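The values are calculated or read from the model by the stated rules, or taken from the named source; none is laboratory data. Please read all numbers here as calculations on a predicted model, not as lab measurements. Neighbour counts are summed over all protein chains in view; Cβ atoms, including those assigned to glycine, are modelled from backbone coordinates with ideal geometry. The accessibility values were calculated without ligands, DNA or RNA, using every heavy atom of the protein model including side chains. Shrake-Rupley method; radii C 1.70, N 1.55, O 1.52, S 1.80 Å.
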Amino acid sequence: MITIDDVRTLRNRIGEEIAVSDWLEISQERINQFADATGDHQWIHVDVARAAVESPFKVTIAHGFLTLSLISTLVRGAMQFNNLRMAINYGSNRVRFITPVPSGSRIRGRFAPAAVDEAGGGVQVTWQATIEREGADKPCCVAEWIVRYYPRT
């Protein structure tokens, strides 16, 4: 866990990987809860018996958007931001789901600031986020994730 006392100092670390999260298990229960929340009950995600027979992975896999949605959770486990009033998810750029995340596997995030700009009364950081699966050769998700941080005055 790293501590960032002033988000503006990230300007000095553009392109540098500054944090790596702990591993997070992607359980079938988490996948099912995401399916319920989004209405995406495609069998490849929720039907364990069918996936064992018909899926090329032989297990269910997480939704790509579940993996993407966990970026903020992974960041909170890797970085602590001090002296902020709030942080707001501003969106994503260039999201790719490169490899699947099978149920029961573990993922973690690697984070590097790609841009730091003053914006909307705050500091906007574009993070290069790479989500990797334990034991995989390639990442499961890469994204530019944009967050607006509002420092305390």
Criterion first (in contact with a strand residue (DSSP E or B) (Cβ under 8 Å, 6 or more places away or on another chain) and under 18 Å from Ile2 (Cα atoms)) does Asn89 satisfy it? no
Selection within the range 1-20 - more than 19 Å from Thr73 (Cα to Cα) and either assigned to a strand (DSSP E or B) or of a type in the set (Lys, Arg) (or both): Arg8, Arg11, Arg13
Among the residues of the range 41-60, write down those that are open to solvent by 20 Å² or more (accessible area, probe 1.4 Å) and outside any helix (DSSP H, G or I). His41, Gln42, Asp47, Pro56, Phe57, Lys58, Val59
Hey, any hits in the range 64-82 for a residue that's open to solvent by 80 Å² or more (accessible area, probe 1.4 Å) and part of a helix (DSSP H, G or I)? yes
Every residue from the range 53-85 that is touching a strand residue (DSSP E or B) at 6+ places or on another chain (Cβ under 7 Å) and on the phi > 0 side of the Ramachandran plot: Asn83
Would you check which residues across the range 98-113 are of a type in the set (S, T, N, Q) and under 12 Å from Glu25 (Cα atoms) and list them? Ser103, Ser105
Restricting the search to the range 72-93, which residues are under 13 Å from the mean Cα position of the chain (by Cα) and of a type in the set (D, E, K, R)? Arg76
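Which of the residues that make up the range 117-134 are surrounded by fewer than 17 Cβ atoms within 10 Å (Cβ to Cβ), in contact (Cβ under 8 Å) with a residue 12 or more places away in the chain and not aliphatic (A, V, I, L, M)?
Gly120, Gly121, Glu134
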Residue in the range 83-114 that is most open to solvent (accessible area, probe 1.4 Å), counting only those that are closer than 23 Å to Gly15 by Cβ and among the hydroxyl-bearing types (Ser, Thr, Tyr): Tyr90
If only one of Val48, Val75 is in contact with a Ser or Thr (Cβ under 8 Å, 6 or more places away or on another chain), of a type in the set (Val, Ile, Thr) and over 20 Å from Gly15 (Cα atoms), which one is it? Val48
Condition set over 12 Å from the mean Cα position of the chain (by Cα) and among the aromatic types (Phe, Trp, Tyr), scope the range 135-153, selection most open to solvent (accessible area, probe 1.4 Å): answer is Tyr150
Only residues that are part of a loop (DSSP other than H, G, I, E, B) and either of a type in the set (Gly, Ala, Ser) or within 20 Å of Thr9 (Cβ to Cβ) (or both): list them for the range 115-153, please. Gly120, Gly121, Gly135, Ala136, Arg152, Thr153
Would the range 21-36 turn up any residue that is touching a residue at least 12 places away in the same chain (Cβ under 8 Å), open to solvent by 40 Å² or more (accessible area, probe 1.4 Å), in contact with a helix residue (DSSP H, G or I) (Cβ under 9 Å, 6 or more places away or on another chain) and not in a helix (DSSP H, G or I)? yes
